[in-house]
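The values are calculated or read from the model by the stated rules, or taken from the named source; none is laboratory data. If you're wondering where the values come from, they're calculated on a predicted model, not measured in any experiment. Every residue, glycine as well, gets a Cβ built from its backbone with ideal geometry; the counts of neighbours run over all protein chains shown. Ligands, DNA and RNA are excluded from the accessible area calculation, which covers all protein heavy atoms including side chains. Shrake-Rupley method; radii C 1.70, N 1.55, O 1.52, S 1.80 Å.
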Number of protein chains: 2
Amino acid sequence: MRDVFVIGVGMTKIKAYWEKSLRNLFAEASIKAIEDANGISPDAIFIGNMAAGELDKQANLGVYLAEYAGLKEIPAIRVESACGSGGAAFHAAYLGVASGMYNAILVGGVEKLTETPSMITTSVLAEAADQEYETYFGASFTALNALIMRYYMSVFKVPYEKIALWPLMMHENATYNPLAQLPFKVDLNTILNSPLIADPIRLFDCAPTGDGAAAVIIASEEIAKKHSDTPIFVPGIGFATDSLALSRRENLLSLKGTNLAAKKAYSMAKVNPNDINIAEIHDAFSILGIITLEDLGFSTKGEGTKDLENGKFSRNSVISVNPSGGLKARGHPVGATGIYQIAEIALQLRQDAGKMQIDNAELGLAHNIGGVGASVSVTILRR
Amino acid sequence: MRDVFVIGVGMTKIKAYWEKSLRNLFAEASIKAIEDANGISPDAIFIGNMAAGELDKQANLGVYLAEYAGLKEIPAIRVESACGSGGAAFHAAYLGVASGMYNAILVGGVEKLTETPSMITTSVLAEAADQEYETYFGASFTALNALIMRYYMSVFKVPYEKIALWPLMMHENATYNPLAQLPFKVDLNTILNSPLIADPIRLFDCAPTGDGAAAVIIASEEIAKKHSDTPIFVPGIGFATDSLALSRRENLLSLKGTNLAAKKAYSMAKVNPNDINIAEIHDAFSILGIITLEDLGFSTKGEGTKDLENGKFSRNSVISVNPSGGLKARGHPVGATGIYQIAEIALQLRQDAGKMQIDNAELGLAHNIGGVGASVSVTILRR
């Protein structure tokens, strides 16, 4: 299996774009990534997207987007794994370079969520859960996460005040990220008094909907050396799944998908959780962020909020977690999120993250979820 | 790059299933493929599907389908490339085994098109074309193919009576396929007098909509030898794209996507068109079948119908084309079609195709299109 390197990244700011379509956003991120990789011509494209079929009424998305970005004739394939589509597209593209079939692949993620009425957007996003066994019976996607949060708070005796430290840190981190959707600080009282969405989840526990695109160029070692002075190695990747419906899970306090995907990625990269300096993890809701800290092995089970409170995951601390602001405050253009994470980690490892930059970033991890933990990808990157 | 082999196949009959859901169909085909590969446990799943988001209101389709088939914890990723989703999923999965990351992958395709009103289904299928530049202005998907057909008939002076030989042969071939959706003969007069759908395309030039699922198991050489007495080698694959909208194509008499994908696959397999004994090609409309004969190099450009009339593509002739009955008569459950084709070729090469079996099948080719030739995969298989 050939080694794989990230040699170019491109991202758009995340916000509500009235003036740019899905194709515009993808082209913008792709062209930036290509320029960043010294004008490389990729020989294939993989694209993560969840909702364009329903929200843009467009299929054949690979060629639809590739052509508009000026990338013609080469393979262009869309990958869907709900909110984890970006990570899944990266996984598929990794296989393309690792196999030797392709030498340089553009992996993009794009989503446009703000053009449709929010009732429609929300209902399409809920298709990440099991429609037949969950949402048709009235459980919203937020409510499913609320079940997990209530149970976690009850078993580990964690009050909401501790959970609220998550969005507090995410909003603070996002102030360093010029591309973030919500780059402003909030105080604890604002979080604690924000409206309940699905008890106990409050407004500030939820990632916003937004539009955005991100792209990275991955390449073989030979190509990487030609096109980059700072290629970022991908020593390990893992992808795993769990039951789609929560009612069929063995354990709601842990996401088995994360456990399994991380185990695979750590083992392939020959590292352990303590080696990681920086991580971008999938906090679609605060509780997912906290459970993920534990499932990735950064905290003992049930102790995530203690480590959070002690500052273990703050910028430039033991492990800088979500220095981008995470899904909560960087934003969560669903199918693009997994690519934003990898792009951000690559920039950090290159010491090229501007105001967001954290010190001593050597080994990074990106963690992307589809559904409530049903499909999970973990990607490890090394300077 | 490791060699890749097809070691198991499973297919459902194609028809309108009122009693089986998307998950049921996928599970049925998958379990058959696993049994055919001697009960193998795949270590990843790739699934081709176009329309489940819109027609079944379900995303996260990889894990949704995999779990129902009893395949838990392993990666399960959906690939979308419109009507070419099956071929694209096979392409992505091939990279997984070729890379060495996975040893045995289940590649499935599934589509359920008959549960929604046909107006909705047809409009969702039209998303394979460029919505913004084509269908929004009133060109139906059939009308786009009609433009090509009219132009082809005019340039090469081919009367409709010659084009009609295509559905004639497809319906005859389908009588040998127990899984075909339309396994009955039609006479030439019936075709010639069938209703015009989009002039000059008549009813019998169009593939039907139907429900179905197909799955194949692909594996490394080591695993293939353990699990199969008749592993089928995949010596070459190719994937290519062309402009999505017809107005941006250089040439409407040829599908550049097919040219490029075939060139790549032939070159990788070190074969040429004359070496192929059997092919399953993407005849969503008669004209696509005929143009494809030429673009794959089986006929000189403009002479496809002459060779067809002379019997070159009949069962057990020079190249047996679509012995399954093709999209026209086997049926076209869109995202599954590319997997049906590969499964059928593998069975033929194994001499295991029952009544459908053709003689001396040594080298086969599967050709799957997304849109009107916008994304094309070509897969070569060898006994």
Checklist entry - Counting just the residues of the stretch B:251-275 that are surrounded by fewer than 24 Cβ atoms within 10 Å (Cβ to Cβ) and part of a loop (DSSP other than H, G, I, E, B), which one comes out farthest from the other protein chains (Cβ to nearest Cβ)? => result B:N272
Checklist entry - Which residues, counting only those in the stretch B:303-322, are part of a loop (DSSP other than H, G, I, E, B), open to solvent by less than 10 Å² (accessible area, probe 1.4 Å) and under 22 Å from B:I148 (Cβ atoms)? => result B:F313, B:N322
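Yes or no, residue by residue, for (1) open to solvent by 10 Å² or more (accessible area, probe 1.4 Å); (2) of a type outside the set (G, A, S); (3) more than 8 Å from chain A (Cβ to nearest Cβ):
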| position | (1), (2), (3) |
| --- | --- |
| B:L25 | no, yes, yes |
| B:M50 | yes, yes, no |
| B:L55 | yes, yes, yes |
| B:Q58 | no, yes, no |
| B:G86 | no, no, yes |
| B:S99 | no, no, no |
Next on the checklist: Any residue at all in the stretch A:264-271 that's closer than 30 Å to A:A126 by Cβ and not charged (D, E, K, R)?
Outcome noted: yes
Checklist entry - Are any residues in the stretch B:27-48 within 14 Å of another protein chain (Cβ to nearest Cβ) and surrounded by fewer than 24 Cβ atoms within 10 Å (Cβ to Cβ), and if so, which ones? => result B:D43
Checklist entry - Does A:E67 count as within 12 Å of another protein chain (Cβ to nearest Cβ) and open to solvent by 30 Å² or more (accessible area, probe 1.4 Å)? => result no
Item to check | Matching residues in the stretch B:135-160 - criterion: being farther than 13 Å from B:D199 by Cβ and of a type in the set (D, E, K, R) | outcome: B:K157
Checklist entry - What number of residues within the stretch A:328-358 are touching a Lys or Arg at 6+ places or on another chain (Cβ under 9 Å) and in a loop (DSSP other than H, G, I, E, B)? => result 5
Next on the checklist: If I filter the stretch B:120-129 for residues that are of a type in the set (D, E, K, R) and either within 9 Å of chain A (Cβ to nearest Cβ) or without any contact (Cβ under 8 Å) to a residue 40 or more places away in the chain (or both), do I get at least one hit?
Outcome noted: yes
Item to check | Subset of the stretch B:173-201 that is free of Cβ contacts under 8 Å to residues at least 24 places away in the same chain and of a type in the set (D, E, K, R) - its residue that is surrounded by the fewest Cβ atoms within 10 Å (Cβ to Cβ) | outcome: B:D187
Next on the checklist: With the requirement that a residue be out of contact with any Phe, Trp or Tyr (no Cβ under 8 Å at 6 or more places or on another chain) and under 16 Å from B:F141 (Cβ atoms), what does the stretch B:191-201 give you?
Outcome noted: B:L196, B:I197, B:A198, B:D199
Checklist outcome for this item: Inside the stretch A:222-250, the number of residues satisfying the requirement of being in contact with a Pro (Cβ under 8 Å, 6 or more places away or on another chain) and surrounded by fewer than 20 Cβ atoms within 10 Å (Cβ to Cβ) is 1
Next on the checklist: I need the full set of residues from the stretch B:115-151 which are open to solvent by 60 Å² or more (accessible area, probe 1.4 Å), charged (D, E, K, R) and part of a loop (DSSP other than H, G, I, E, B), in order please.
Outcome noted: B:E115, B:E132
Next on the checklist: Give me the residue from the stretch A:1-23 that is of a type in the set (S, T, Y) and under 13 Å from A:P333 (Cα atoms) and, out of that set, surrounded by the most Cβ atoms within 10 Å (Cβ to Cβ).
Outcome noted: A:T12
Item to check | Odd one out for A:G297, checked against (1) assigned to a loop (DSSP other than H, G, I, E, B); (2) within 28 Å of A:K13 (Cβ to Cβ) | outcome: (2)
Checklist entry - Can we say B:S154 is polar (S, T, N, Q), within 14 Å of chain A (Cβ to nearest Cβ), free of Cβ contacts under 8 Å to residues at least 40 places away in the same chain and in a helix (DSSP H, G or I)? => result no
